[in-house]
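Visitor: Dropping a structure here in structure tokens format, bear with me for questions.
Any read-out appearing in this document is the output of simple, stated calculations on the displayed coordinates, not a laboratory observation. Given the structure is predicted, the values throughout are model-derived calculations rather than measurements. Using ideal geometry, Cβ is built from the backbone for each residue, glycine included, and neighbour counts are taken over all protein chains shown.
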């Protein structure tokens, strides 16, 4: 009888048992929900107030490296995207839920990627546990302990961190309190629909003639783009990937009487959201749902590397403009959207008493 052999096997079995027990925890006993992620400005279907106890919310994101058009002049730029979308899709959970992410870096890609969740605790927000090369996948599970809206982004290390972020590799997570949102008196705040806006800054070099350079092949222009990034002056500041992405036929829509949540994320620069023609009825500028919302704001501040949320009930029909109220960035660089609202006009709120009329000199 080979005593040493059996002792070795016995020790191995004990180690395997210990490992399995270490991996087995509260999350393994919970029901599983597959969340269908949708491109911005859409938001995954969800309940404001949690139904039942905590759950494991499984999501899958694949990384895309592709060329997109970022302005109305047809300028092309190679971006990195989660689920083929800039910004990456919104993930929604409640406090106490677990988010289980499968992150895939397809073989056809050229760069290493990872994911840092500002909503998560430990290991650089998951960034230390999700590094994957082309052709690899990883699964990360983390517990949602803080209620609010939070940024996530790629953070592979060094200069690659800002480069990946300003190439579009960022998104947001919303973690709702299990009993829903409350005002400062503890009364419920509800909304009929939600829009998710990712504000993106791009930094494109120009040639000797003042035209934007286009870099089609992977890795091209890294040094040139880095030099523009060092000026801290973006050439484009846009909503949802490109200038005009949320205007005209792609405008957001609502009805008079509807209450709408706007989730606004900016992974890199400060921004000042404002709704022309409306207000922030309830606003969480820094994203924390643990704190009572501020009320009746005209403009609010979302610091770079954060997300904020606003709830507003539309009271008049018409086309509203939702923008970054740095008006240079909104009207010249592209950081604005339209909200087309239908319904009956209320003259008590606003009425034109005289049409434009020529007056005597």
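Visitor: Just how far, in whole angstrom, is the range 165-231 from the range 76-120 if you go by their alpha carbon centroids?
Guide: 13
Visitor: A follow-up question, please. Using only DSSP helix segments of four residues or longer, with each worth -39500 (n - 2.57), what per-residue ellipticity at 222 nm results for the chain after dividing by its residue count and rounding to 500?
Guide: Calculated from helices alone, the mean residue ellipticity at 222 nm is -3500 deg cm²/dmol.
Visitor: Now for a different question. How much FRET efficiency would the formula 1/(1 + (r/R0)^6) give for residue 214 and residue 45, where r is the Cβ-Cβ distance and R0 is 45 Å, rounded to 0.05?
Guide: About 0.75, to the nearest 0.05.
Visitor: Show log10 I(q)/I(0) for the range 108-252 at q = 0.09, 0.10, 0.19, 0.21 Å⁻¹, two decimals, from a solvent-free Debye sum over equal Cα scatterers.
Guide: Relative scattering, expressed as log10 I(q)/I(0), comes to -0.40, -0.49, -1.25, -1.34.
Visitor: Follow-up question, since we're still on this one. Peptides 294-302, 57-65: what's the order by average Cβ count within 10 Å, highest mean first?
Guide: The peptides rank, most packed first, as 57-65, 294-302.
Visitor: Then there's this: What value does the chain have for Rg/Rh, both radii from Cα atoms and Rh as Kirkwood defines it?
Guide: 1.06
Visitor: What is the spin-label model distance, in nm, from residue 332 to residue 73 if the labels are put 7 Å beyond Cα along the C-beta direction?
Guide: 1.3
Visitor: Next up: Compute log10 of I(q)/I(0) for the range 101-183 with the Debye formula, placing one identical point scatterer on every Cα and leaving out solvent, at q = 0.21, 0.22, 0.26, 0.27 Å⁻¹, to two decimals.
Guide: The computed values of log10 I(q)/I(0) come out as -0.97, -1.04, -1.32, -1.38.
Visitor: Please work out how much length the chain gains when fully extended from residue 104 to residue 346, using 0.36 nm per residue of separation minus the C-alpha to C-alpha distance, in nm with one decimal.
Guide: Additional length available on full extension: 82.0 nm.
Visitor: Right, here's the next one. Relative to the present Cα-Cα distance, how much length would full extension add between residue 206 and residue 33 at 0.36 nm per residue of separation?
Guide: Computed gain between residue 206 and residue 33 is 57.6 nm.
Visitor: What distance in nm lies between label points placed 7 Å from Cα along the C-beta direction at residue 294 and residue 224?
Guide: My value for the distance between the label points is 4.1 nm.
Visitor: Any idea how far apart residue 121 and residue 232 come out in nm if each label point goes 7 Å out from Cα toward Cβ?
Guide: About 3.4 nm, to one decimal.
Visitor: Still on this structure: Let me check I have the definition right: for the range 74-143, take the eigenvalues of the Cα gyration tensor, multiply each by 5, take square roots. What are those semi-axes in whole Å, largest first?
Guide: Semi-axes from the Cα gyration tensor: 24, 16, 10 Å.
Visitor: Moving to a separate point now. Quick check: the distance between the Cα centres of the range 321-361 and the range 130-156, to the nearest angstrom?
Guide: Rounded to whole Å, the Cα centres lie 40 Å apart.
Visitor: I need the P(r) histogram for the range 147-218: all alpha carbon pairs, bin width 10 Å from 0 out to the longest distance, whole percents.
Guide: 14, 30, 24, 17, 10, 4
Visitor: Quick one: P(r) of the range 29-121 from all Cα-Cα pairs, 5 Å bins, percents rounded to integers, in order of increasing distance.
Guide: Computed distribution, short to long bins: 3, 11, 19, 21, 17, 12, 8, 5, 3, 1, 0.
Visitor: Let me ask something else. How much FRET efficiency would the formula 1/(1 + (r/R0)^6) give for residue 185 and residue 26, where r is the Cβ-Cβ distance and R0 is 35 Å, rounded to 0.05?
Guide: That pair, residue 185 with residue 26, gives E of 0.55.
Visitor: With all pairs of different alpha carbon atoms counted, what Kirkwood hydrodynamic radius in Å does the range 193-342 show?
Guide: Working: mean 1/r = 0.0611 Å⁻¹.
This gives a value of 16.4 Å.
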